[in-house]
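The values are calculated or read from the model by the stated rules, or taken from the named source; none is laboratory data. This structure is a prediction, so every number in the text was calculated from the model and none was measured. A quick note on method: Cβ atoms are made from the backbone with ideal geometry, for glycine too, and the neighbour counts reach across all protein chains shown. Heads up: the accessible areas ignore ligands, DNA and RNA and are worked out on the full protein's heavy atoms, side chains in. Shrake-Rupley method; radii C 1.70, N 1.55, O 1.52, S 1.80 Å.
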Amino acid sequence: MNHNLFVALRAAFPHDLTATAVETDNGLHYSWQDLERASAMLANLLSDLDLPPRSRVAVQVEKSVEAMLLYLATLRAGHVFLPLNTAYQSAEVAYFVGNAEPAVVVCTGKNFGWVSKIAFQAGTRHVFTLNDDRTGSLLERAAHHSDQHTPAHCGPDDLAAILYTSGTTGRSKGAMLTHDNLFSNARMLKDYWGWVPGDVLIHALPIFHVHGLFVALHGALLNGSPMLWHAKFDPKRVIADMARASVFMGVPTLYVRMLAEPTLTRAAVARMRLFIAGSAPLLIETFKDWQTRTGHTILERYGMSETAMLTSNPYAADARYGGQSERRGATVGFPLPGVSLRVQDDAGHTLGVDEVGGIQVKGPNVFKAYWRMPEKTAEEFTADGFFKTGDVGAVDARGYVRIVGRSKDLIISGGYNVYPAEVESFINEMPGVAESALVGVPHPDFGEVGVAVVIAKPGTHVAPDAVVAALKASLANFKVPKQCFVVAELPRNTMGKVQKNLLRDQYKALFVPA
Ligand code: MCA
Ligand code: AMP
């Protein structure tokens, strides 16, 4: 049997291949046949490069249907997809490319100069361009290839994608996801979320992270469902599309922004079946406001790059949990079928009902290893094979999982991860800076944002605006602190360690009322 994920996705295409599979926000229609043929042409282009099996294909391009086709083609050709956030700048891209050593890099035409330089220096032989207006060398080259392609043979444990994430500590690590990790999760979610014939998905998330690339995309494809494709999230346009859609997935910020629109009414969502949220905590206020305004109860679920989806509130009665079907705000629901979840204390004892500790998981969806980091991999798994998520939470008497915090030093801003250590190391390199600390504080739009607190070296002056400006020049924009303070000293414990909890407390009312 061929475990290539593309084979399973292709098998779910509807009988009528001429029907619309994707309609874009600028009026383009792609049929299922278009997906089939165009991904074949791209797969043939990759196959003709004569790359070793499981070569990495690193992709940093704007969202487009062609970018999605490149993902399908990479699976189809038996290579490994490595998506990169378009906000990453040269230092960030250089790290990922140097670490993953991709055989192929695909970037936008406007970035070709600097990206190709990084790629060639890392030994990559093939650099193509792909723009969001269907231009670029990738499509020009693919146009010369056949639109018939037999998917490469893959075993269940063959690598399908690498997603860079910082896990609990240190430099970014590539989570290695296999064809079976992705397929098992997608197939289970199809059942758990009750996908039905006739469903239409509004796809408004970026496609370089798990949420948009796997959860949303696989969900629609595996159900043979058309997608209304939004290149960028625009609350007005998404609400307008709800009249002809049934499923929406988004990070909490998207729900907050839609709630600010007067067009969000019960009538506007009358055709919708399901609203799903995740990637960051959904505030109970947002959950309740959505219920009041639309009559729909958002289904919150929880996952990670290393594991895809782990828990979910029920869509329908869950027989494993006494038939409970309530979607409870401020919880992430039950462990998904096939996922074992436990909460342990630091000493490795499994905790009971409502006791707070580290969340650990096991299941067919859990990644195999971090790319070329065996020690890091070993650190993040327990002796009996559970993955330590770095999230802190508890399970209540009814079986609902609640996330109350994180043991990892991580800020989640608008659904994007910001690692304080990375930002601090950039700030600490700046002239005149003695030390810095980045903390996450509540924000009405992004949920949480970074605030930098900096100490200057004796006798020097550091301007907060200059710190922010320098960071903007070198880091992805979502990592740049929304405010910077230069102070005389940082609060420390008796060991001399900066007490970030005190800083978070001090600045918690910067963007929201105390
Ligand atoms: C943009 N900015 C941000 C963010 N996005 N700052 C902090 N956090 C962000 N997420 C910056 C911009 O660069 C700009 O800065 C300023 O904030 C305002 O930008 P705005 O125009 O409002 O932003 P936008 O372009 O509308 O983007 C906001 C967004 C976007 C639509 C919420 O961030 C987004 O698509 N987030 C979704 C992320 C996602 O898909 N995550 C899933 C990860 P300046 O003015 O200085 O330039 S997958 C995952 O976590 C797991 C596995 C899971 O469970 O799903
Ligand atoms: P990533 O490393 O981008 O895969 O982000 C995974 C992290 O996002 C998890 O470890 C959680 O901290 C967080 N996360 C995802 N979904 C939720 C959720 N529904 N509630 C709270 N945190 C979440």
Out of (1) of a type outside the set (A, V, I, L, M); (2) under 19 Å from the mean Cα position of the chain (by Cα); (3) more than 12 Å from ligand 1 (Cβ to nearest atom); (4) over 23 Å from ILE359 (Cβ atoms), the odd one out for GLY174 is which? (4)
MET249 fails exactly one of the following numbered conditions: (1) within 11 Å of ligand 1 (Cβ to nearest atom); (2) closer than 23 Å to ARG266 by Cα; (3) outside any strand (DSSP E or B). What is the number of that condition? (3)
Which residue pairs have Cβ atoms closer than 6 Å, lie 6 or more positions apart in sequence or on different chains, and pair a first residue in the range 99-125 that is over 18 Å from PRO52 (Cβ atoms) with a second residue that is surrounded by fewer than 17 Cβ atoms within 10 Å (Cβ to Cβ) and not basic (Lys, Arg)? TRP114/SER90
In the range 393-408, anything open to solvent by 30 Å² or more (accessible area, probe 1.4 Å), in a loop (DSSP other than H, G, I, E, B) and within 16 Å of ligand 1 (Cβ to nearest atom) is listed as none
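For the range 1-50, give me each residue that is charged (D, E, K, R) and assigned to a loop (DSSP other than H, G, I, E, B).
Let us first name the residues in the range 1-50 that are charged (D, E, K, R), namely 10, 16, 23, 25, 34, 36-37, 48, 50.
The answer is ASP16, ASP25, ASP50.
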If I ask for residues that are open to solvent by 20 Å² or more (accessible area, probe 1.4 Å) and either under 17 Å from ALA186 (Cβ atoms) or aliphatic (A, V, I, L, M) (or both), which ones from the range 305-338 would you list? SER305, TYR315, ALA316, ALA317, ALA319, ALA330, PRO337, GLY338
Checked ASP445, ASP465 against criteria (surrounded by fewer than 15 Cβ atoms within 10 Å (Cβ to Cβ) and touching a strand residue (DSSP E or B) at 6+ places or on another chain (Cβ under 8 Å)); the one match is ASP465
Of the numbered conditions (1) in contact with a Ser or Thr (Cβ under 6 Å, 6 or more places away or on another chain); (2) crowded, with 22+ Cβ neighbours inside 10 Å, ILE239 satisfies every one except a single condition; which is it? (2)
So which residues in the range 261-310 are within 16 Å of ligand 1 (Cβ to nearest atom) and not in a strand (DSSP E or B), if there are any at all? GLU261, GLY278, SER279, ALA280, PRO281, LEU282, LEU283, THR286, ILE298, SER305, GLU306, THR307
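Kindly state which strands (runs of 3 or more DSSP E) lie completely within the range 409-514 and contain at least 2 residues that are of a type in the set (D, E, K, R) and away from ligand 1 (no atom under 13 Å from the Cβ).
Passing ranges: none, list empty.
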Got at least one residue in the range 146-157 being open to solvent by 10 Å² or more (accessible area, probe 1.4 Å), free of Cβ contacts under 8 Å to residues at least 40 places away in the same chain and either assigned to a loop (DSSP other than H, G, I, E, B) or within 22 Å of ALA8 (Cβ to Cβ) (or both)? yes
For the range 176-192, how many residues are open to solvent by less than 30 Å² (accessible area, probe 1.4 Å), in a helix (DSSP H, G or I) and under 22 Å from ALA73 (Cα atoms)? 6
Restricting attention to the range 1-32, and to residues there that are polar (S, T, N, Q) and surrounded by 14 or more Cβ atoms within 10 Å (Cβ to Cβ), which single residue is farthest from MET227 (Cα to Cα)? ASN2
Single condition VAL215 does not satisfy, out of (1) touching a helix residue (DSSP H, G or I) at 6+ places or on another chain (Cβ under 6 Å); (2) within 20 Å of THR86 (Cβ to Cβ): (1)
